[in-house]
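Enquirer: Pasting in a structure now, in structure tokens, and then I'll have a few things to ask.
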Amino acid sequence: MNVYDFDNTIYDGESVVDFFLYYCKKDKSLIKFLPSLVLALIKYKQGKVTVEEALNKYGKQFSKFYKKNIGIGDDLVIFWDTHMHKIKPFYKDIQSDDDLIISGSPEISLDIICKRLGIKKYIGSLIDNESGEITRLCIREKKVEAFLKEYPDCEIESFYTDSVNDTPLIEISKNAYLVKGNKITKIK
């Protein structure tokens, strides 16, 4: 099985940030949260925030946003209509039927894009529809936990990522590749 991180790996950018910016056009009051979103992303990329810290610091803001915007699924469909072009071309060249996407992005968003790309398997962050609470933040070591829970008997042949934040998945993969833009470099 080949496993891919999503954001900045097969998607050119951070889909959560792109969706947030897309949604700011609909709800201008969200712009005030942009600095904290950018700061959180920088801290995450630098490895300076744990899963627990991220949930404690940003989880409540996210839950409020999610509960306020119950029809978010319809908005995600429109978002992906306008952002499909950001799927990197290399992915179609190497795509296989048994590919798995594992990402910090919410599964509600991954569901739409993965169906469009013909990807049957994905694991992402989970959100409770009633409370808007993040019940699984699928980052770092939590990606390995989610993978082993869903696919306990599977082995990762090749793993593609943009970040050393995915070291836990790199460690359990036979081969690993670092994706920067459209350049792919074998790192394991």
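The values are calculated or read from the model by the stated rules, or taken from the named source; none is laboratory data. Keep in mind it's a predicted model, so treat the numbers as computed, not measured. FYI the Cβ positions are ideal-geometry reconstructions off the backbone, even for glycines, and counts take in every protein chain you see.
Enquirer: Quick check: anything in segment 163-175 in contact with a helix residue (DSSP H, G or I) (Cβ under 9 Å, 6 or more places away or on another chain), in contact (Cβ under 8 Å) with a residue 12 or more places away in the chain and either in a strand (DSSP E or B) or among the aromatic types (Phe, Trp, Tyr) (or both)?
Expert: There is no residue in segment 163-175 that is in contact with a helix residue (DSSP H, G or I) (Cβ under 9 Å, 6 or more places away or on another chain), in contact (Cβ under 8 Å) with a residue 12 or more places away in the chain and either in a strand (DSSP E or B) or among the aromatic types (Phe, Trp, Tyr) (or both).
Enquirer: Okay, next question. Please specify each residue of segment 14-30 satisfying the condition of being of a type outside the set (S, T, N, Q), exposed (fewer than 12 other Cβ atoms within 10 Å of the Cβ) and either in contact with a strand residue (DSSP E or B) (Cβ under 7 Å, 6 or more places away or on another chain) or part of a helix (DSSP H, G or I) (or both). First the steps, then the outcome.
Expert: So in segment 14-30, the residues of a type outside the set (S, T, N, Q) come out as 14, 16-28, 30.
Filter again for exposed (fewer than 12 other Cβ atoms within 10 Å of the Cβ), leaving 25-28.
If the condition is that a residue be of a type outside the set (S, T, N, Q), exposed (fewer than 12 other Cβ atoms within 10 Å of the Cβ) and either in contact with a strand residue (DSSP E or B) (Cβ under 7 Å, 6 or more places away or on another chain) or part of a helix (DSSP H, G or I) (or both), then Lys25, Lys26, Lys28 are the ones that fit.
Enquirer: If you check Tyr151 against the conditions, is it farther than 18 Å from Asp7 by Cα, out of contact with any helix residue (DSSP H, G or I) (no Cβ under 7 Å at 6 or more places or on another chain) and aromatic (Phe, Trp, Tyr)?
Expert: yes
Enquirer: Let me ask you something else. Which condition number in (1) exposed (fewer than 14 other Cβ atoms within 10 Å of the Cβ); (2) touching a residue at least 12 places away in the same chain (Cβ under 8 Å); (3) out of contact with any strand residue (DSSP E or B) (no Cβ under 7 Å at 6 or more places or on another chain) is the one that Glu150 fails?
Expert: Only one criterion in (1) exposed (fewer than 14 other Cβ atoms within 10 Å of the Cβ); (2) touching a residue at least 12 places away in the same chain (Cβ under 8 Å); (3) out of contact with any strand residue (DSSP E or B) (no Cβ under 7 Å at 6 or more places or on another chain) is unmet by Glu150, namely (3).
Enquirer: Which numbered condition in (1) part of a loop (DSSP other than H, G, I, E, B); (2) at pLDDT below 95; (3) farther than 20 Å from Gly73 by Cα is the only one that Cys154 fails?
Expert: In the conditions (1) part of a loop (DSSP other than H, G, I, E, B); (2) at pLDDT below 95; (3) farther than 20 Å from Gly73 by Cα, Cys154 misses (2) alone.
Enquirer: In this structure, does Tyr160 turn out to be over 19 Å from Leu76 (Cα atoms), in contact (Cβ under 8 Å) with a residue 60 or more places away in the chain and out of contact with any Pro (no Cβ under 7 Å at 6 or more places or on another chain)?
Expert: So Tyr160 passes the test.
Enquirer: Those residues that are of a type in the set (A, V, I, L, M), assigned to a helix (DSSP H, G or I) and either surrounded by fewer than 16 Cβ atoms within 10 Å (Cβ to Cβ) or touching a strand residue (DSSP E or B) at 6+ places or on another chain (Cβ under 8 Å) (or both), I need them from segment 114-144; list them, please.
Expert: Result: Leu117, single match.
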